[in-house]
Amino acid sequence: TYLAVFNTTGNQNYTSYSVSLSRKISKAVLSQTLAAYPSSSFTYDGNAPTIQDTLNASLVPGNTLSFTLENNSISILSESSSNEPFNFTALPGKYAAAGTYSYSSAQASNANYTVLSSPVLAVSISKAQPTLTLTSTPAENYTQNGTSLVFHFSISSINNQLKGDFYINGTLKNSSITTSGTYNASYLPNIFNAVFNTTGNQNYSSNSLS
């Protein structure tokens, strides 16, 4: 609150006189909005979302606010700036795994701003479906002619993080396949039931081909 006074003591011809004026400058109310890009709900792709913190009012020149971005109550980034909006990028790779995350932005009130409650943003990254292939050479049933039956299998995941297992008639033949492989079954008459599967992990669901 500012009280301004302007007066004169007067003189031989004038009496003394005084005027006053009171003005109050209230604190600005500052609220925030959190948003996730590309989305707050998406399928695992190996990338962390960008979290944007937008203020409801522009900052007064010369004022700096400090924000702390938290993920599930753990501080992951602190930043001070006199510009808005603030763009936080969740540390690539560290918070890119499939799961549910709770982001919040904490900002304390100061001499110029009253900060409303800190916003909370839920981000959900769902598991991706792994890509598997399973083929054989020859590609169809055939009559024994001295040619061996060969199975081809592959699995695709970001950074080859998944492992696949190959079975013939319920017996494990190849394990921990991260890219591709082959299996020479036999040239003798038989029925071969082949299965190639993965149990998945934090980022990928299970999948199976037969």
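The values are calculated or read from the model by the stated rules, or taken from the named source; none is laboratory data. Given the structure is predicted, the values throughout are model-derived calculations rather than measurements. Don't worry about glycine lacking a Cβ; one is built from the backbone with ideal geometry, like all the others, and counts go over all protein chains shown. Protein only, heavy atoms only, side chains kept; ligands, DNA and RNA dropped before computing areas. Shrake-Rupley method; radii C 1.70, N 1.55, O 1.52, S 1.80 Å.
Residues in segment 1-34 that are under 15 Å from LEU121 (Cα atoms) and open to solvent by less than 30 Å² (accessible area, probe 1.4 Å) were compared, and the one that is modelled with the lowest pLDDT is GLN32. Scanning segment 153-181 for residues that are under 24 Å from GLN129 (Cβ atoms) and among the hydroxyl-bearing types (Ser, Thr, Tyr) gives SER154, SER156, SER157, TYR167, SER175, SER176, THR178, THR179, SER180.
Looking across ASN159, ASN141, one residue alone is part of a helix (DSSP H, G or I) and open to solvent by 50 Å² or more (accessible area, probe 1.4 Å). It is ASN159. The number of residues in segment 170-210 that are in contact (Cβ under 8 Å) with a residue 24 or more places away in the chain, more than 26 Å from SER126 (Cα to Cα), open to solvent by 80 Å² or more (accessible area, probe 1.4 Å) and part of a loop (DSSP other than H, G, I, E, B) comes to 4. Considering TYR187, TYR95, which residue is touching a Ser or Thr at 6+ places or on another chain (Cβ under 9 Å) and over 26 Å from SER208 (Cβ atoms)? On inspection, the qualifying residue turns out to be TYR187. THR100 passes every criterion in (1) touching a residue at least 60 places away in the same chain (Cβ under 8 Å); (2) within 30 Å of SER31 (Cα to Cα); (3) open to solvent by 40 Å² or more (accessible area, probe 1.4 Å) apart from (1). Among the numbered conditions (1) surrounded by 15 or more Cβ atoms within 10 Å (Cβ to Cβ); (2) on the phi < 0 side of the Ramachandran plot; (3) part of a loop (DSSP other than H, G, I, E, B), the only one that PHE153 does not meet is (3).
Restricting attention to segment 109-130 and to residues that are open to solvent by 80 Å² or more (accessible area, probe 1.4 Å) and in contact with a Ser or Thr (Cβ under 8 Å, 6 or more places away or on another chain), the residue that is nearest to TYR95 (Cα to Cα) turns out to be LYS127.
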